[in-house]
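Following: one structure in structure tokens, then a few remarks.
The values are calculated or read from the model by the stated rules, or taken from the named source; none is laboratory data. Note that the structure is predicted; figures quoted are calculated from it, not measured. Here the Cβ is made from the backbone with ideal geometry for all residues, glycine too, and neighbour counts use every protein chain on show. Accessible surface areas use protein heavy atoms only, side chains included; no ligands, DNA or RNA. Shrake-Rupley method; radii C 1.70, N 1.55, O 1.52, S 1.80 Å.
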Amino acid sequence: MREALEALTRPVRLLAAGGTISMHGARAVPKLEAKDLIELAPPLAGVPELAAETVLSLPGTQIDLGQALELAARAAAAARAGEGVALTTGTDTLEELAVLCAMLHDADAPIVLTGASRPSSSPGADGAANLLDAVAVAGSERASGLGVVVVFGGEIHGAMTVRKVDSSGPAAFGSPTAGPVGRVVEGRLWLHASPMRPEPLAVTRLEHRVEVVSTGLGDDGAALRRAAESSDGVVFVALGAGHVSVPVLGELQSAATRTPVLVTCRPERGSMMFSTYGFAGSESDLRASGAICAPFLSPAAARVALLCCLGAGLDRAGIATALAPWDAG
Ligand code: ASP
């Protein structure tokens with residue numbers, strides 16, 4: 001491990017933003033600063049250039065959208081200056097931060113998010129191991145052009161398709177649709193794929209109201225109607241391969257005339273069909289409804305992606321173009 005870290009060629013900046021990795025105590029709360037995290041992982045002393053700053057000291061659930069945007073902008077700026085970024089944060093909202101970073105990131109140096117499932121004071125704490133792996137990726141020349149990734153439990157996942165798949169275990173992240181893009185082995189990288197990178201957006205604010213509405217058995221569409229009436233955009237979670245009830249289809253058609261509606265799918269390995277079914281409310285009806293389809297984004301990822309598009313001032317056509325990579329073409 002030490003050898004691999006000593007051989008890193010890119011300066012690394014650790015941005016510490018709270019989460020379980022920074023937590024300590026019988027009832028764990030954020031305590032550790034960036035410099036304490038480095039002390040938890042002694043092999044980091046061998047990294048040729050490692051800068052560290054504490055940006056936030058919060059559980060993931062307490063980070064607001066303004067703070068998240070500042071944090072992602074800070075990470076993107078460091079990457080633009082040629083630093084690989086290791087960003088530690090709470091796993092509860094790490095998926096959202098990863099998407100946000102990916103929507104802003106426009107540099108060659110990678111941004112690598114990680115965290116921990118177990119507080120630093122718990123037996124089997126996993127934070128130090130994850131941090132070592134994240135720094136190894138952030139500082140590696142091999143990770144040039146990789147974009148934004150999540151490194152957790154030895155695996156490397158693309159930011160746009162990663163999901164938290166386990167609430168408490170150390171293999172907390174997976175990419176159910178896309179699969180991991182590689183692994184970290186004693187500080188060395190194995191990369192077998194490149195994650196898709198969105199076109200970077202100039203997101204100036206993250207203040208719009210985007211509601212996430214899921215449909216289900218017997219849905220009459222009232223929740224979708226309410227959301228469309230009271231928000232700047234809606235993420236709508238359809239069933240199966242892009243299916244809804246007949247009343248929901250009507251609400252979807254009318255919602256899409258009023259506000260941008262982004263459709264994703266309920267299955268964890270969601271994708272949206274085109275022309276298999278012919279029943280009312282099947283995929284071809286959804287595709288013709290005026291909604292924008294991004295079935296390869298999870299609902300959480302779709303929400304942040306839509307917030308970014310709105311915050312960059314895109315209209316419906318611009319949003320459809322920006323998010324087209326997240327549907328089959
Ligand atoms: N369980 C969370 C974590 O892993 C708590 C948080 O998101 O802050 O960090």
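Worth pointing out:
- When L131 is tested against the conditions (1) more than 15 Å from the ligand (Cβ to nearest atom); (2) open to solvent by less than 30 Å² (accessible area, probe 1.4 Å); (3) farther than 24 Å from A322 by Cβ; (4) modelled with pLDDT of 95 or more, the lone failure is (1).
- Yes/no for P267 being part of a helix (DSSP H, G or I), open to solvent by 10 Å² or more (accessible area, probe 1.4 Å) and not small (G, A, S): no
- Checked against the criterion of being under 27 Å from V165 (Cβ atoms) and not aromatic (F, W, Y), the candidates A302, A256 yield just one match: A302.
Condition check ((1) closer than 20 Å to P299 by Cβ; (2) not aromatic (F, W, Y)) across all residues:
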{"position": "V181", "(1), (2)": "no, yes"}
{"position": "P195", "(1), (2)": "yes, yes"}
{"position": "M272", "(1), (2)": "yes, yes"}
{"position": "Y277", "(1), (2)": "no, no"}
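- Lone unmet requirement of (1) more than 10 Å from the ligand (Cβ to nearest atom); (2) open to solvent by less than 60 Å² (accessible area, probe 1.4 Å); (3) in contact with an Asp or Glu (Cβ under 8 Å, 6 or more places away or on another chain) for M1: (2)
- Residue match in the range 40-58 (condition: within 16 Å of the ligand (Cβ to nearest atom) and either over 30 Å from R205 (Cα atoms) or among the acidic types (D, E) (or both)): yes
- In the range 42-53, the residues that are under 7 Å from L5 (Cβ atoms) reach residues that are among the acidic types (D, E) with C-beta atoms within less than 7 angstrom, at least six apart or across chains, in these pairs: G46/E6.
- Residue count for the range 31-74, restricted to those that are β-branched (V, I, T) and open to solvent by 80 Å² or more (accessible area, probe 1.4 Å): 1
- The residue that is surrounded by the fewest Cβ atoms within 10 Å (Cβ to Cβ), among those in the range 82-103 that are among the small types (G, A, S) and within 16 Å of the ligand (Cβ to nearest atom), is G90.
- Applying the criterion of at least 2 residues that are among the charged types (D, E, K, R) to the helices (runs of 4 or more DSSP H) found wholly in the range 282-329 leaves 283-287.
- Filtered residues of the range 193-231 (kept if touching an Asp or Glu at 6+ places or on another chain (Cβ under 7 Å) and part of a strand (DSSP E or B)): V210
- If the condition is being within 11 Å of the ligand (Cβ to nearest atom), open to solvent by 10 Å² or more (accessible area, probe 1.4 Å) and touching a residue at least 60 places away in the same chain (Cβ under 8 Å), then the range 146-179 contributes only K164.
- Condition met for V185 (crowded, with 21+ Cβ neighbours inside 10 Å and of a type outside the set (S, T, N, Q)): no
- Looking only at residues in the range 14-30 that are more than 12 Å from the ligand (Cβ to nearest atom) and closer than 10 Å to P119 by Cα, the one that is most open to solvent (accessible area, probe 1.4 Å) is R27.
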